[in-house]
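Data block below; observations after.
The values are calculated or read from the model by the stated rules, or taken from the named source; none is laboratory data. The shown structure was predicted, so the numbers you read here are calculated from the model rather than taken from an experiment. FYI the Cβ positions are ideal-geometry reconstructions off the backbone, even for glycines, and counts take in every protein chain you see. For the accessible areas, the whole protein counts, side chains as well, though only heavy atoms, and no ligand, DNA or RNA atoms are used. Shrake-Rupley method; radii C 1.70, N 1.55, O 1.52, S 1.80 Å.
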Amino acid sequence: MKRFTIIPVLLTLIFSGCKSKLDRQIDDIVSKMTLEEKALLVVGVGNESRWHNDVPRLDLNSILPAVAGGTTPIDRLGIPYILLSDGPAGVNLESYRKGYSTRTYYCTQFPIGTLLASTWNTELVQTVGSAIGDEALAYGVDVLLGPGMNIHRHPLNGRNFEYYSEDPLLCGLTAAAYVNGVQSHGVAACPKHFAANNQETNRMGNDARVSERALREIYYRGFEFMVKESHPRTLMTSYNKINGISVSERRDAVTDMLRNKWGFDGVVMSDWYGGDHPTAQIHAGNDMLQPGRQWQIDSIIDGVKKGTLAETDLDISVRRILKLIYTSPRTIEHPTNDAHLDEHANITRQSATEGMVLLKNDANALPLTSGTKNIALFGCASYDFIPGGTGSGDVYRAYTVSMLEGLQNAGYTIDASMAALYGAFIQKSVETNKAAAPGRYAELTRIRPDEMPLTAQQINTQVQRADVAIVTLGRTSGEYYDRPSADYDLSAAERTMLQQVCGAFHAVGKKVIVVLNIGGVIETASWKDLPDAILCAWQPGQEGGNSVADILSGKANPSGRLPMTFPIRLSDVGSSANFPIDQTSENVSVALRRTDIGEKNVDYTNYDEGIYVGYRWFDTRSMEVSYPFGYGLSYTTFDYSNAKVKQHKDKITVTVTITNSGKVAGKEVVQLYAAAPKSQLDKPLKELRAYAKTPIIQPGKSETITLTFNRNDLSSYDEQQHKWILAPGTYQLLIAASSRDIRQTLTLDI
Ligand code: BGC
């Protein structure tokens, strides 16, 4: 436990007490470096086995298997290397080490980013970040490549699971909490991917054509909140272009905005192989190119020699990288390899329960009554539970607790014959699907089984034996691919299973619970009337089955709220007109191509919906949705009263009393939206400006919650004047339980 406090203290000492000394030492080193050495330092060292790199300067994989990148050590000057590892849901390192025959160095798989955002609890997210930072430190990782924090622009983005929300405030504050947690151990966090990285289809070549206003208010905004609320020591630029230029080559974004306007003072790195012009990247302020290739080194040396890159620009990046190196854990202490896995298993179990969202609970179907003993468990995902997404956001965990195991651990009985049936079906179906999938696809994704067809007799046996039925619906996705539209809808087999199970169990008065084991939004409107309760469990990490059982049994009261809207139809979504829906499903290579043939939504994507993303779109247009942003039920109820607002200089403070009016203890998420007066600028109907999660409130008890924000947070970006404008007039402050459930309204004169 001691290390928890020692590392930050050491770093603070280095930064505060000896700052100028460190800077002077760095100046001295830079003055001794040759041009070649400087180029070597800004271009990553690569991981031969993972990235097929052509610069074998350090055998990264033998130091830390599967590590994503590193810097080149320069022995002549005594400059050590540092190591960079994914990723957002836990440290993504292989579990073996050179010279050891057993796999013992596991990492904890925590819940996906979307679940963390669903907690609306920054303190809890910081605890998760801290546990990840602790593991990174223990295993010798200097930079942790997370959090992922792009906006959920469209439900089908294959990496939404790594990201937080459709709203920049929720996204920015969640990311800041994560960064603060990771960095409390001296490990640098690396928020990514800056910015407008909203699709996987042709992710390296896609040009996001976005208005200046949408960039400022939506796509940059989360990063702005995050930078101001935390102090990330590194940051990753995205692959895509913004309005024709790669983000890593945009000085206006990387230097003018990020550094000069928001105060970021760390190292900016490219995404892996991102950007085409190394000299432009260095000039833009993108200090480090990962994973590093020889042509990039040559191009930088050549650029300086020919005068297309100022050596002073290169020196600035070299200085920043040296500062990162000399304040990294590796230069302070050796890895302990003691990753506190038991302690972290508890953290992931508890954090997962807090981000699960109870979408429906008719006639108190949940929590399960104390008389519930036997559970009929349907759906392949019940047995083959999905802890997280694929790609760099995956984790080499030691185990996954399935729903079956979680329910058994909680004392419920699951029919063994049913479990055996599913086990055999899953194995066969996965093998068949793997054989049929294109090689690259199979390599990159976790192939899922189809849904198992059930006979009436199989279901009726369960009806007789069980007290209640649980049906789990699973989805997975990951890097390189957007989800096909079929992944949004239920498959015919899933629909049939739901209808059959609900029909048979309801016929004898027994209840049916649906558990959603998903990483992104799916269609719910057409079938949500069928079951008695729906729990969105997301992909909750390696302890997932235990976490779900905690909620179903009532050991934990659900307090997650949706960080995005669940629309009725995919076509209702504002960005659906400009998203590569099913544009890659037949030709996988399209996802990875870089040549521009001018294909809409692949080579370029028009963000025609502008700032109208998520609830800003649905609510302003008064469109019906399946579940609104911020929505989620509890096993208790909360009353809102006594709302008050105070304005002191630039600070607005709102207080509200929250009373637990139900029968069990629980936490509430209090959301504050502002509705602007009419002004010259078009405004969304309402926008989230602050939120807070209550502590546990006992039945009959109350808590006064304080929500604060700055006057300027109410501003909108005026593209004509190129500045933020705070429109005068009367604002409505809506204190709400979701974007569609306003409990108290106040007014504020600006
Ligand atoms: C991903 C990044 C990741 C990097 C290193 C890239 O493909 O986009 O998120 O950090 O690989 O693994």
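With a Förster radius of 41 Å applied to the C-beta separation of Ala525 and Lys649, the computed FRET efficiency comes to 0.35.
Kirkwood hydrodynamic radius, computed over distinct alpha-carbon pairs, for region 341-463: how many Å, to one decimal?
On the way: mean 1/r = 0.0587 Å⁻¹.
Answer for region 341-463: a Kirkwood hydrodynamic radius of 17.0 Å.
Remark on region 523-585: Rg and Dmax equal 15.8, 44 Å (Cα only). Too long at a 30 Å Cα-Cα cut-off: which of Lys373/Lys663; Lys261/Lys667; Lys306/Lys600; Lys192/Lys323? The answer is Lys261/Lys667; Lys306/Lys600.
In summary, the helical segments of the chain meeting the span-like criteria, namely a full DSSP H run, a Cα extent along the axis of 27 angstrom or more and a mean Kyte-Doolittle hydropathy of at least -0.5, are 416-436.
Rounded, prolate or oblate, given the Cα gyration tensor of the chain, with a/c below 1.5 counting as rounded? Here the chain falls in the prolate category.
Full-extension gain between Asp28 and Trp724, please, as 0.36 nm times their residue separation minus the C-alpha to C-alpha distance.
Gain in length upon complete extension: 246.3 nm.
From the alpha carbon centroid of region 71-132 to that of region 369-418 is 25 Å.
Full extension of the chain between Ala363 and Met623 gives 90.8 nm of extra length, using 0.36 nm per residue less the Cα-Cα distance. For region 531-587, the share of accessible area belonging to carbon and sulfur comes to 41 percent (1.4 Å probe, ligands and nucleic acids excluded). On the accessible surface of region 219-372, probed at 1.4 Å, how many percent belong to carbon and sulfur atoms? C and S atoms contribute 47 percent here.
Annotation for region 279-319 versus region 617-644: alpha-carbon center distance of 50 Å. Distance between the modelled labels on Gln499 and Thr127, one decimal in nanometres: 4.4 nm (7 Å Cα→Cβ projection).
Over the chain, what is the relative contact order in percent, taking alpha-carbon pairs closer than 8 angstrom and at least six residues apart? Present the calculation step by step, with values, prior to reporting the outcome.
Details: 1800 pairs, mean separation 108.7, N = 750.
For the chain, the relative contact order is 14 percent.
Size of region 633-749 from its Cα atoms: along the principal axes, largest to smallest, the extents are 54, 27, 18 Å.
Net charge in the neighbourhood of Leu490 (other residues with Cβ under 13 Å of its Cβ; Lys, Arg +1, Asp, Glu -1) is -3.
Around Val625, what is the net charge, scoring Lys/Arg as +1 and Asp/Glu as -1 over all other residues with Cβ under 11 Å from its Cβ? Mind showing how you got there, number by number?
Details: positive: Arg569, Arg621, Arg740; negative: Asp572, Asp619, Glu624.
Here the count lands on 0.
Each residue, Asp75 and Thr745, gets one label point 7 Å from its Cα in the Cβ direction; the gap between the two is 7.3 nm. The gain in end-to-end length when the Ser641 to Glu212 segment is fully stretched comes to 150.5 nm, 0.36 nm per residue minus the alpha carbon separation. Any chance you could check the Cα centroid distance between region 510-549 and region 220-269 for me, in angstrom? Cα centres, region 510-549 to region 220-269: 36 Å.
Starting from the Cα gyration tensor of region 308-364, take the square roots of the eigenvalues, sort them a ≥ b ≥ c, and report rounded, prolate or oblate (rounded when a/c is under 1.5, otherwise prolate if a/b is larger than b/c, else oblate). Because a/c hits 1.5 or more and a/b fails to exceed b/c, region 308-364 counts as oblate. Among residues other than Leu324 with Cβ under 12 Å from its Cβ, the summed charge is +2 (Lys and Arg +1, Asp and Glu -1).
The residues of the chain expose on average 36 square angstrom of accessible surface per residue, using a 1.4 Å probe on protein heavy atoms. Here the accessible area is traced with a 1.4 Å probe on the protein chains. For region 633-749, carbon and sulfur cover 46 percent of it. A quarter of the convex hull surface defined by the alpha-carbon atoms of region 614-680 gives 7.0 nm² as the mean projection.
Indicate the gyration tensor shape class of region 145-289 (rounded, prolate or oblate), computed on the Cα atoms with a ≥ b ≥ c the square roots of the eigenvalues: a/c under 1.5 is rounded; otherwise a/b larger than b/c is prolate and the rest oblate.
Numbers: a/c = 1.43, a/b = 1.09, b/c = 1.31.
It comes out rounded by the Cα gyration axes.
Out of every Cα-Cα pair in region 356-564, what percent are more than 32 Å apart? Could the numbers behind the result be given before it?
Details: 2552 of 21736 pairs.
Of all Cα-Cα pairs in region 356-564, 12 percent lie more than 32 Å apart.
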